[in-house]
Each structure stands twice: as structure tokens, then as C-alpha cells.
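Take a look at the structure set out below.
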Protein chains: 2
Amino acid sequence: MKQIGIDLMGSDAGYSIFVDVLPKVIEANPNITFHIYGTQEAMDAFKDQERLVKHVCSEEIDMDDSPLTIRRKKDSSLNRMMIDLGKGELDGVFSAASTAGIILTAHSNVKLKEGIDRSFLIAGLPTKKDHPVYLGDMGANAECTADNLVQFAHEAYRFVKKLGVKNPRVGLLNIGSEEVKGDHMRKEVYQRLKEDNTLNFQGNCESRDLLSGEFDVVIADGFSGNVLLKSLEGSASFFVSLLKETMMSSFTSKLAALLLKKKLYGMKEKINYKNYGGACLLGFEKPIIKTHGSSDETSIRSTVNQLIQLVNSPESVI
Amino acid sequence: MKQIGIDLMGSDAGYSIFVDVLPKVIEANPNITFHIYGTQEAMDAFKDQERLVKHVCSEEIDMDDSPLTIRRKKDSSLNRMMIDLGKGELDGVFSAASTAGIILTAHSNVKLKEGIDRSFLIAGLPTKKDHPVYLGDMGANAECTADNLVQFAHEAYRFVKKLGVKNPRVGLLNIGSEEVKGDHMRKEVYQRLKEDNTLNFQGNCESRDLLSGEFDVVIADGFSGNVLLKSLEGSASFFVSLLKETMMSSFTSKLAALLLKKKLYGMKEKINYKNYGGACLLGFEKPIIKTHGSSDETSIRSTVNQLIQLVNSPESVI
């Protein structure tokens, strides 16, 4: 029986967003015990159910808590869950709390894997093809070494394999496609990944090709990874506003917009990167999955299901 | 009388793209002498005209010439023009040649300004507001120091001021808006720019806010600046393909697309970053302006006009 931890308190919408979703997920996964962490009030919102274990906590992490405050809240749902993960009592955890909260509580309570110096954030983004591309580090480490990037590549490769991709194609985020491009660190990482037979290295990936679908994993230092991720968010928002402006600019275009309403909404949802499911904090023995605080039910369900897929995957460690 | 140099050979379309444009530009600017550099064949395509000086060269730089080849072609139109710029015979130059070609020939022949350690590339991008934002370095330097970034900030501030913006708002590309965000270099640059009264520093700019219109200039190291720029290109292309797919997905949407044809084309052009006019190689006493090799007549005209604006600007140096 696998054990999964769920922090009920991180979402902007509060624990209530789990009330409908969770009982169904529990029912659908008879090989998993679900541990929920939250306040007494949150616990009372859930009927007793088989394979549901309640952990009552007296505190919760707020979205804008400072690192100091996060560290002080020892009895927060998030910290309590990480303590249990660190003890080996859980096989994977989920939270919608702040990235800072998740990183801090994870590092306070859970050991990094042997041979891994840094944890890092990875997430899937929609591509032109029918599969996502996973980008990591997305911003956990503002400064990275060549060793870090090589470790990220291995962790990310294993992670995406566990999500069902057979031999994930790994790319290195760089400012040119040729081997000799980039700074010293990128040149070193390129050579080390190229000589590594244990992963399927495909060479450099320029940011303009991230969404091409030619890669399953793209490795970046946290600075440029974060610049890239937020740039996708920014340009999506720019395009949507430009499209709105175009649609509202004349009678004819308003008419056309009316005809397209549903389709345009679907398109907007596809490029809404903020909504794009879970990110995983890699580098630990067990998966730590987060989703955006503003995630809706659909997004929370899909992220929890991703965690279940990882936990159920044949190899027992990430 | 100001002197402007124009390399006729860099464009993908060859010198012919200048044949209609240039005589009109020359006529419209009676205070400027235009020096054109190109092969004998290119020269023959231009009638003699007042304030037009022809410089016949025996070679030209090709788009995919290696650095070694570029250096060897001493009599290329680009190199000859840079020699004259270095001698002080020109007040500014324009080329549509490769970035590598322009950077190499500039550094071989033209001295950097006193106090400037590196040249860098800057270009304007469309924002949500009715003015562009200038991003630099866009990729000339894969590795940068804090000194470089501070110098970029001053050069870029002066440059945008010359383009007519009164007190350009300067931002620092970073992975968070707060003062304490980013790597060590970014934290140092933040403090130095904040304490500097000679420019209008507005704090950190996250990549998602680049197109917000809240900044006139955003300073980046060449690695993350290039990642950001190419990411805008990539997501624009992704967005256009998504829009096409949406428009072609049913009879109704095809009808709507027909109604919107002209407007959607205009929108596509607005986000076509490849076409987005000139980039400037800053760090020298005189402006060096480049445009994409695939630029059309309109784009070439607007870039040459930008050069004229810079050359005519009250201060005599960039």
C-alpha cells in the first residue's frame, strides 16, 4: 500500500476546493492511502472514508509568509507533511502552497538524494505537438554550476521516464544550437551530457524551440529557466490582449468574435501557463508536487493524478 | 554635413532592395551625405546623385561565413565601411549583415568608448502601450559581469534618450521584483543602479512584464537577454500556429477568419519579432545599426531613418 500526503491549506480557495475532488480520487485508487494535513475545520469537511488518514495541524502557511515565518510555523500542515515525508512514512506529497514554502519545508525535513547537491523545479508546458516539454530548473536556483545542471539532466530524465515517456529527449537551454555556443558553463555541460550514454541528449535547445515538441526535457539554470517561463506567461497575456483588441476594433470583427467565442476561449486556456498543472520539486527520494495557489479543481485533480502516476511507477524512487 | 555609411551587401535580397528606397531617403535628408559600400555591380544599380558617395569593394560577407572567413575578407563592403567609421569619416553606419559579421568587423576597426569594456546589442520590442521597450544585451555577450551591466544601463539610457524618450525608465531583468531577488551579480547591479542619480532606475523587471510598457529600457546579460528575445519569437510563432489551427477547425470559424483576414494579418505582423526593425550595437562613439537579413523594404527604410535620427540628435556621440 502506497502512502500519499496532501496539504489541504495551500490553495487560494482554501481546503474547500478538495472537498468534492478528493473522495472520488481516493475511491479510484484502492492501492493508496491518502494522508490529509490541515486545520480541524478542514478535517471536519471530510467524511471518514477508507484509506483516508487525517492529520490535524494548528497552523498553515500563507502565500506571502516570509522565510522566517515559514520556518517558525512548525505545526503548519505543510511542515507536518514534510516531516512525515522525511521520516519515510509517505511515498509522495502534494501542496498548492507557495514555492518558497515548499522548498523551505522540504529542505528542513527531507534529505536530498545521494549525489544531488540542489533541488530544482520542473514543469510541463504545452508544445506544438501533442505532448508537453518539461523545463527545469524553473527558478529554484538563481545560481547554478555545471555539476548542478548535469545532475538536473539525470533527475529530469528519470522523472519524465516515470511519467511514461520511453526515452526522453533531453536538450540544454542555450543561446545557439551549435556545440560551441553559450558561456563556459554551458560548453562544459554540453560535453558532459554528450559523452553520457545513460541519457538521450539531443543537444542545445534555443528558447524559441522550447515549444517545438522536439524535446521532452529542457535543462536550464534557475535564472534563465525562470526568465523563459515567465516570458511565456507574459507573451501569452500580451497575445490575449492583442487578440481582444483586434476582435473589438470594428463591427465585423465583433461579429467574427461572437462566432469564435468558444474556440477563442479554449485557445486562451491552452496558453494560460499559470494554470498549467503541477510543478515537481526534484532532487529528493520521493516526489514533491506543487500546483499554483490559484489552481482550479480540474488542475488540482490532474496534478494529484500525476503524483499518483509517479508513486505507482515501477521504480520505487524518483 | 553628417556622413552615413550603408552596407548594400548584407541583405538576403541583395543590393536591389535599396534601389528604390535609398534615392528617396537621400533626397529627404539634405544635411546628410550617404556613403554606400558594395560591389561594382551594386554601384551600377544606382544613378549618380548629390550627396551619394560610392565605395566599390571586391568582397561581401555571406550570412554563414565563419569568423575566420569574415576576418579574411578585408575588402568586404562591411569591413571597408567599418574602417571608415573607425577613421572618423562616418557618423553612423547601417548593415543587414550577420550579427557575427557586424560585431567582428566593428571590433577590428572601431575603438570602444572610453570606460566601456564590451559592446552589446539592443533593440526595441512592441509593448502593450504605444511605445517600444528596448532590451539589451540581446545576446552579444554570453558572459557578463556587474560592471558590464552597469555600463549597459548607462549606454542604453543615453541611446533611448536620443531616440526621443525624455527620461527613459530603466529596469533590470531579474527573476523577482523585490530588491533581494536574483543571483549575486543582479543584487550588486541593483544596488549600483539604485544609487545612481544619472539614470532613472525603476527596479527589477520580470520577463513577464517586459511587454507591459512600464519600462523603456531593460538591462540583461546576453545569455538571459537572448533567451528572452528568442522566447518571444518562439511563442509568437506558437501563438500564430494555434490561431491558424483554431480558425481552420470548423466552417463557422473559417467564415469568421475570412471576416478577420486583414486584421489578423496586421496582428501577426505586430508580433513578428524577426521583422522588428533595427538592433543597435552600442558601446562605440558612433551608432552601428543592423537589421535582419530577411528585412523587407519597409523595415530597411525605418531602420535607416532610425540611424538618421540618432546621427541628427543634438549630442554628437551616442
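The values are calculated or read from the model by the stated rules, or taken from the named source; none is laboratory data. Not measured: the values here are computed from a predicted model. Note: ideal-geometry Cβ built from the backbone for every residue, glycine included; neighbour counts use all protein chains shown.
Scan B:194, B:187, B:181 and give me the residue that is modelled with pLDDT of 95 or more, surrounded by fewer than 22 Cβ atoms within 10 Å (Cβ to Cβ) and closer than 29 Å to residue A:181 by Cβ. Even if it seems obvious, please write down each step before you answer.
On the way: B:194 fails: closer than 29 Å to residue A:181 by Cβ; B:181 fails: modelled with pLDDT of 95 or more.
Of B:194, B:187, B:181, the one residue that is modelled with pLDDT of 95 or more, surrounded by fewer than 22 Cβ atoms within 10 Å (Cβ to Cβ) and closer than 29 Å to residue A:181 by Cβ is B:187.
Does residue B:226 qualify as being within 9 Å of chain A (Cβ to nearest Cβ) and either at pLDDT 95 or above or touching an Asp or Glu at 6+ places or on another chain (Cβ under 9 Å) (or both)? Outline the logic, then answer.
Numbers: within 9 Å of chain A (Cβ to nearest Cβ): yes; either at pLDDT 95 or above or touching an Asp or Glu at 6+ places or on another chain (Cβ under 9 Å) (or both): yes.
Judged against the criteria, residue B:226 is a match.
Would you mind listing the strands (runs of 3 or more DSSP E) fully within region A:188-304 where at least 3 residues are polar (S, T, N, Q) and either within 30 Å of residue A:169 (Cα to Cα) or assigned by TED's automatic domain parsing to the domain that holds residue A:104 (or both)?
Values: elements: A:200-205, A:217-219, A:278-282, A:288-291.
Counting at least 3 such residues, we get A:200-205.
Given the options B:155, B:188, B:143, B:114, name the one that is in contact with a strand residue (DSSP E or B) (Cβ under 7 Å, 6 or more places away or on another chain) and farther than 19 Å from residue B:214 by Cα. It would help to see each step written out before you state the result.
Working: B:188 fails: in contact with a strand residue (DSSP E or B) (Cβ under 7 Å, 6 or more places away or on another chain); B:143 fails: in contact with a strand residue (DSSP E or B) (Cβ under 7 Å, 6 or more places away or on another chain); B:114 fails: in contact with a strand residue (DSSP E or B) (Cβ under 7 Å, 6 or more places away or on another chain).
Matching residue, one of B:155, B:188, B:143, B:114: B:155.
State which residue is nearest to residue A:303 (Cα to Cα) when the search covers only region A:133-151 and only residues that are surrounded by fewer than 20 Cβ atoms within 10 Å (Cβ to Cβ) and away from every other protein chain (no Cβ under 13 Å).
Narrowing region A:133-151 to residues surrounded by fewer than 20 Cβ atoms within 10 Å (Cβ to Cβ): A:143, A:145-147, A:150.
When the remaining residues are screened for being away from every other protein chain (no Cβ under 13 Å), the result is A:146-147, A:150.
On the way: A:146: 31, A:147: 30, A:150: 27 Å.
Looking at the filtered set, the residue picked out is A:150.
With respect to residue A:89, is the statement that it is part of a loop (DSSP other than H, G, I, E, B), in contact (Cβ under 8 Å) with a residue 40 or more places away in the chain, among the acidic types (Asp, Glu) and loosely packed, with under 14 Cβ neighbours inside 10 Å true? Spell out how you get there, then give the answer.
Values: part of a loop (DSSP other than H, G, I, E, B): yes; in contact (Cβ under 8 Å) with a residue 40 or more places away in the chain: yes; among the acidic types (Asp, Glu): yes; loosely packed, with under 14 Cβ neighbours inside 10 Å: yes.
Taking the combined requirement at face value, the residue satisfies it.
Kindly evaluate residue B:99 against the criterion of being surrounded by fewer than 24 Cβ atoms within 10 Å (Cβ to Cβ), touching a Ser or Thr at 6+ places or on another chain (Cβ under 8 Å) and either under 28 Å from residue B:231 (Cα atoms) or basic (Lys, Arg) (or both).
Values: surrounded by fewer than 24 Cβ atoms within 10 Å (Cβ to Cβ): yes; touching a Ser or Thr at 6+ places or on another chain (Cβ under 8 Å): no; either under 28 Å from residue B:231 (Cα atoms) or basic (Lys, Arg) (or both): yes.
Taking the combined requirement at face value, the residue does not satisfy it.
Considering only residues of region A:239-268 that are more than 7 Å from chain B (Cβ to nearest Cβ) and over 32 Å from the mean Cα position of the chain (by Cα), which is nearest to residue B:232 (Cα to Cα)?
Among them, the one singled out is A:245.
Would a scan of region B:15-36 turn up a residue that is surrounded by fewer than 23 Cβ atoms within 10 Å (Cβ to Cβ), of a type in the set (Val, Ile, Thr) and assigned to a loop (DSSP other than H, G, I, E, B)?
For region B:15-36, residues surrounded by fewer than 23 Cβ atoms within 10 Å (Cβ to Cβ), of a type in the set (Val, Ile, Thr) and assigned to a loop (DSSP other than H, G, I, E, B): absent.
Would you check if there is a residue in region B:65-73 being closer than 30 Å to residue B:192 by Cα, touching a strand residue (DSSP E or B) at 6+ places or on another chain (Cβ under 9 Å) and outside any helix (DSSP H, G or I)?
Initial filter on region B:65-73 (closer than 30 Å to residue B:192 by Cα): none.
No, region B:65-73 has no match at all.
Considering only region B:81-89, I want to know if a residue exists there that is farther than 21 Å from residue B:312 by Cα and within 19 Å of the chain's Cα centre (by Cα).
Filtering region B:81-89 down to residues farther than 21 Å from residue B:312 by Cα leaves B:83.
Restricting the remaining residues to those that are within 19 Å of the chain's Cα centre (by Cα) gives none.
No, region B:81-89 has no match at all.
Please find, within region A:142-187, the residue that is nearest to residue A:310 (Cα to Cα) out of those that are among the β-branched types (Val, Ile, Thr) and outside any strand (DSSP E or B).
Looking at the filtered set, the residue picked out is A:160.
Of a type in the set (Gly, Ala, Ser) and surrounded by 22 or more Cβ atoms within 10 Å (Cβ to Cβ), is that true of residue A:108?
Values: of a type in the set (Gly, Ala, Ser): yes; surrounded by 22 or more Cβ atoms within 10 Å (Cβ to Cβ): no.
The answer is no for residue A:108.
For region A:169-222, give me each residue that is touching a Pro at 6+ places or on another chain (Cβ under 8 Å) and within 12 Å of chain B (Cβ to nearest Cβ).
Answer for region A:169-222, where residues must be touching a Pro at 6+ places or on another chain (Cβ under 8 Å) and within 12 Å of chain B (Cβ to nearest Cβ): just A:211.
Search region B:116-141 for residues being under 25 Å from residue A:240 (Cα atoms) and part of a strand (DSSP E or B), and hand back the single one that is nearest to the chain's Cα centre (by Cα).
Checked region B:116-141; the qualifying residue nearest to the chain's Cα centre (by Cα) is B:123.
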